[in-house]
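These notes concern the structure reproduced below.
The values are calculated or read from the model by the stated rules, or taken from the named source; none is laboratory data. Everything numeric here is computed off the predicted structure, so don't read it as measured data. Don't worry about glycine lacking a Cβ; one is built from the backbone with ideal geometry, like all the others, and counts go over all protein chains shown. Please note that ligands, DNA and RNA were not included when accessible areas were found on the heavy atoms of the full protein model with its side chains. Shrake-Rupley method; radii C 1.70, N 1.55, O 1.52, S 1.80 Å.
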Amino acid sequence: TLATLSDARSELHRIFGFSEFRGRQEDVVERVLAGQSTLAVMPTGAGKSLTYQLPAAMLPGTCVVISPLIALMHDQLRSARANGIRAATLTSADADWRETLDAFRCGNLDLLYVAPERASQPGFRDLLSTASLSLFAIDEAHCVSEWGHDFRPDYRRLRGLMDDFPDVPRLALTATADRQTRADILAQLAIPEDGLVLAGFDRPNIRYAIRPRDNPVQQLARLMAEEAGPGIVYAPTRRKVEELADKLGAATGRPVLPYHAGLDAEVRAANQHAFVASEDMVIVATVAFGMGIDKPDVRFVAHVGVPKSIEGYYQETGRAGRDGDPARAVMYWGAGDFARARMRLEEVEEARRQSERERLDALAALVETPGCRRALLLRHFGESPPNACGNCDNCLDPPQVSDATELARKLLSA
Ligand code: ADP
Ligand code: MG
């Protein structure tokens, strides 16, 4: 018998203890239960995992989950198992491959997490054909698109694998995909256009502000004086990360730790752990920090320098205020940031240069606008928001025309 939506509601309660679906989870679950391939675009924290975990627990056969990071997989594994879902990972960090493979072959596994590199190996296809599958779930699906901000070539090979199992529906999940990236994901993964479920991108509890940078240590220290809770400061280089972490710690007396890919793995893990456990720590980091970190009470995210794109900005600032309480996103930019980014464009291969330039222009428009920041952000993601949100710098303190002209001049000369 087919699983239905009313079964899903009772299972939602029984397995996860939740009384209701959130946002558009229900639409996604309904499609998956009906065997329809789907692309779910929902903001970080919306609860995307549940949209494949719940059907995986309800449907016969195993749901294969493609996930880009071992750390992410192990977090998911822990939380799925805590809910009594039969889940396993196949990574180099696992010692229980034999048990996992046995459970899979006997049909005793709801979820099997693998990295795209493993999924694209021929042996994996052979393995999958030894048992029955319920679903392919492709997490962080923007990695399949060159338009996305995090292209991973191995994601391109998933299509070939999935095409060998034509009866198994596909569910692609991502938090950040503009119109072009969405179209590309649908095409690359052969998901029909009417399979798109797009949830709201607005994060009304985040107050956005974008300011020229003069003295970043002073500016950040002021922000930290206003916000006593945990915060993330994104800086452009490892050197800047180290320098800012030192100076901010000294200037504010608050716990401040650095995080970047140049630190030893143990130091990185220890700093991340300390941050997640802390109620007042600030972590200064490169963009290497953040993916998969579950810390609901981050009170501010600051950018020193400009992010790479509006997608990146949205994803990074989206780590603030996941608990729904007021939080802030403040960017401190300088004209030189854009000048450097435009110079880097010259080194980008011809084929991508135009789209990279458009990304940068979109970001410049966000920085430059005298209008509502949130409205511009949401329009970028294809929504039609009201013209003023009342909770960004430009709505709260409308810029004088002369300020705006001055900004425009700075940007043009950059
Ligand atoms: P995403 O992958 O979209 O960023 P997650 O799947 O990690 O989000 O879920 C974020 C949080 O939301 C988790 O703590 C999860 O337990 C919670 N959550 C998911 N669905 C619901 C729901 N229907 N009701 C309440 N909490 C939910
Ligand atoms: Mg997720």
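For the stretch 1-78, run through the trypsin sites (Lys or Arg not before Pro) and keep only the ones in DSSP coil with at most 15 other Cβ atoms within 10 Å of their Cβ.
Numbers: sites: ARG9, ARG14, ARG22, ARG24, ARG31, LYS48, ARG78; in loops: ARG22, ARG24.
When the trypsin sites (Lys or Arg not before Pro) of the stretch 1-78 are filtered for loop state and at most 15 Cβ neighbours within 10 Å, ARG22 remain.
When peptides 380-390, 128-138 are ranked by their average number of other Cβ atoms within 10 Å per residue, the highest-first order is 128-138, 380-390.
In square nanometres and to one decimal, what's the mean projected area of the convex hull around the Cα atoms of the stretch 282-414? The partial results should precede the final answer.
Values: hull surface 37.1 nm².
Dividing the Cα hull surface by four gives the mean projection, 9.3 nm².
Normalising by the residue count of the stretch 308-369, find the relative contact order in percent from Cα pairs under 8 Å and 6+ residues apart. Relative contact order, the stretch 308-369: 45 percent.
Quick one: dipole size for the chain, taken about the Cα centre, charges +1 on Lys/Arg Cβ and -1 on Asp/Glu Cβ, in debye to the nearest 20. Before the final figure, lay out each step's value.
Details: 49 positive and 57 negative charges, 104 e Å.
Taking the Cα centre of the chain as origin, the dipole is about 500 debye.
Surface exposure of the stretch 316-414, expressed per residue as accessible area with a 1.4 Å probe, stands at 51 Å². Expressed as a whole percent, the accessible area of the stretch 1-150 that falls on carbon and sulfur atoms is 49 (1.4 Å probe).
The relative contact order of the stretch 138-285 comes to 19 percent, based on Cα pairs under 8 Å that sit 6 or more residues apart. When the alpha carbon gyration tensor of the chain is reduced to an equivalent ellipsoid, the three semi-axes, largest first, read 38, 23, 21 Å.
Size check on the stretch 106-237: the Cα extents along the three principal axes, sorted descending, read 61, 31, 27 Å. Annotation for the stretch 247-269 versus the stretch 182-239: alpha-carbon center distance of 21 Å. Note on ASP102 and SER6: with the Förster distance fixed at 51 Å, the Cβ-Cβ geometry gives a FRET efficiency of about 0.90. A prolate overall shape is assigned to the stretch 20-131, the ratio a/c of its alpha-carbon gyration tensor axes (a ≥ b ≥ c) being 1.5 or greater and a/b exceeding b/c. For the stretch 75-92 versus the stretch 25-61, the spacing of their alpha-carbon centroids is 17 Å. Relative to the Cα centre, the charge distribution of the stretch 160-319, modelled as +1 at Lys and Arg Cβ and -1 at Asp and Glu Cβ, gives a dipole magnitude of about 740 debye. What the Cβ-Cβ distance of ASP27 and ARG152 gives, at R0 = 30 Å and to the nearest 0.05, is a FRET efficiency of 0.65.
Semi-axes of the equivalent ellipsoid for the stretch 190-294, please: Cα gyration tensor eigenvalues, times 5, square-rooted, ordered largest first, whole Å.
Details: eigenvalues 166, 73, 40 Å².
Gyration-tensor ellipsoid for the stretch 190-294: 29, 19, 14 Å.
With a cut-off of 20 Å on the backbone N, the residues of the stretch 384-407 near the modelled label site 7 Å out from ASN205 along Cα-Cβ are 389-393. In the frame of its principal axes, the stretch 108-178 has Cα extents of 37, 21, 19 Å, reported largest first.
Summarising the overall dimensions of the stretch 195-256 from its C-alpha atoms, the Rg and Dmax are 15.5, 52 angstrom. When the chain is described by a simple charge dipole with +1 on each Lys and Arg Cβ and -1 on each Asp and Glu Cβ, the residue from THR405, GLN53, LEU196 located farthest towards its positive end is THR405. Label positions at ALA95 and ARG179, each projected 7 Å from the Cα along the C-beta direction, are separated by 5.4 nm. From its DSSP helices (H runs of at least four residues, each -39,500 (n - 2.57)), the chain gives a residue-normalised ellipticity at 222 nm of -12500 deg cm²/dmol. Sorted from greatest to least, the principal axis extents spanned by the alpha carbons of the stretch 209-364 come out as 46, 32, 31 Å.
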